[in-house]
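**Q** Encoded as structure tokens, here's the structure I'll be asking about.
The values are calculated or read from the model by the stated rules, or taken from the named source; none is laboratory data. None of these values were measured; they are calculated from a predicted model. Glycine also receives a Cβ, built like all others from the backbone with ideal geometry; neighbour counts cover every protein chain displayed.
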Amino acid sequence: MLVRDLRCNLVRRMERFWQAWLVRVFEIRALRAYTAWYGCAICAQMPNYISRMQCSRVYTKGKGTFVDIGTMLGMLGTGFVVTLQIFFLTLVGSLPLGVLVALGRMSKFKPLAWLMRFYISIMRGTPLMLQMFFIYFAPYYIFGVELSTDSKFNATIIAFIINYAAYFAEIYRSGIQSIPKGQLEAASVLGYSRAQTFMKIVLPQVIKRILPAMGNEIITLVKDTSLAFAIGVAEMFSTAKALVASQVSMLPFVFAAAFYWVFNFVVEIVLNRVEKKLNYYHD
């Protein structure tokens, strides 16, 4: 306690000396322009910020709440596991759902096509965070269903799946409509059913054509998982935010950014290898 108080007092004295010295230096008439005065004010406030940060860091360390780098990485790693769960569960649900929505969007049955068009418009036209709030709170306010401990995570997964399915559906639709109609007619002449034509002729070509656009959406999904903190899901970004608030340091954000970048880099490598394997097919 004594060492901490002495250090804080020393920093505050250095702060007052620094501010007084800056005021005397910048009182020169040639530097009384607005920009110079504004720069002086900013510089004069820097020691104040530094002193508060240092005193707070010593205080938190004295109380035993300071977290070392190893523990910090472990906490971020635990949050990253939740991030991976959101990522993979979203892909598992949204990729097949996007195919169904795309087929419904292209259906000749007009009510179904208009319904899918309205669904896509809602999902793409409203923020994902707002959709998470609606799915999380709607059962309670509309139906009176009590919220459980798993409600936050379930609402996050549902919101991510229906949101990304809308984006994937439009990508699928663009790929399917890019297939020449002559191939469909040739498959019909050869006796292929519509399901066989889609699975054996259309889908392999669609996957190759839409892979770059799908890769962009998948990489965006990795970063969008950080939005889950809005309803209290303890993923990596919310963990980093809590660590920054408690440690008075930007280091957790740096580590979190490194986690996101490394994982996106791995995803990019996987997508590039898949794209190279599909190069056997040429239009």
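**Q** Which condition breaks for residue 145 when tested against (1) at pLDDT below 95; (2) touching a Leu at 6+ places or on another chain (Cβ under 8 Å); (3) among the β-branched types (Val, Ile, Thr)?
**A** Result: residue 145 fails condition (2) only.
**Q** So for segment 223-231 (the condition being surrounded by 14 or more Cβ atoms within 10 Å (Cβ to Cβ), touching a residue at least 12 places away in the same chain (Cβ under 8 Å) and at positive phi), does at least one residue qualify?
**A** Among the residues of segment 223-231, not one is surrounded by 14 or more Cβ atoms within 10 Å (Cβ to Cβ), touching a residue at least 12 places away in the same chain (Cβ under 8 Å) and at positive phi, which makes the answer no.
**Q** Take segment 178-199 and flag every residue that is part of a helix (DSSP H, G or I) and surrounded by 12 or more Cβ atoms within 10 Å (Cβ to Cβ).
**A** Once the filter is applied, which keeps residues that are part of a helix (DSSP H, G or I) and surrounded by 12 or more Cβ atoms within 10 Å (Cβ to Cβ), segment 178-199 yields 183, 184, 186, 187, 188, 196, 197, 198, 199.
**Q** Looking at (1) within 29 Å of residue 263 (Cβ to Cβ); (2) in contact with a helix residue (DSSP H, G or I) (Cβ under 6 Å, 6 or more places away or on another chain); (3) surrounded by fewer than 17 Cβ atoms within 10 Å (Cβ to Cβ); (4) not β-branched (Val, Ile, Thr), which is the only condition residue 147 fails?
**A** Looking at each condition in turn, residue 147 falls short on (1).
**Q** Name the residues in segment 94-125 that are loosely packed, with under 14 Cβ neighbours inside 10 Å and within 22 Å of the chain's Cα centre (by Cα), would you?
**A** Within segment 94-125, 96, 121, 122, 124, 125 qualify.
**Q** Among 137, 168, which is the only one that is of a type outside the set (A, V, I, L, M), assigned to a helix (DSSP H, G or I) and at pLDDT 95 or above?
**A** 168
**Q** Still on this structure: What residue, among those in segment 158-174 that are touching a Ser or Thr at 6+ places or on another chain (Cβ under 7 Å) and among the hydrophobic types (A, V, I, L, M, F, W, C), is nearest to residue 128 (Cα to Cα)?
**A** 160
**Q** Quick check on residue 259: is it in contact with a helix residue (DSSP H, G or I) (Cβ under 6 Å, 6 or more places away or on another chain), within 16 Å of residue 82 (Cα to Cα), in a helix (DSSP H, G or I) and free of Cβ contacts under 8 Å to residues at least 24 places away in the same chain?
**A** no
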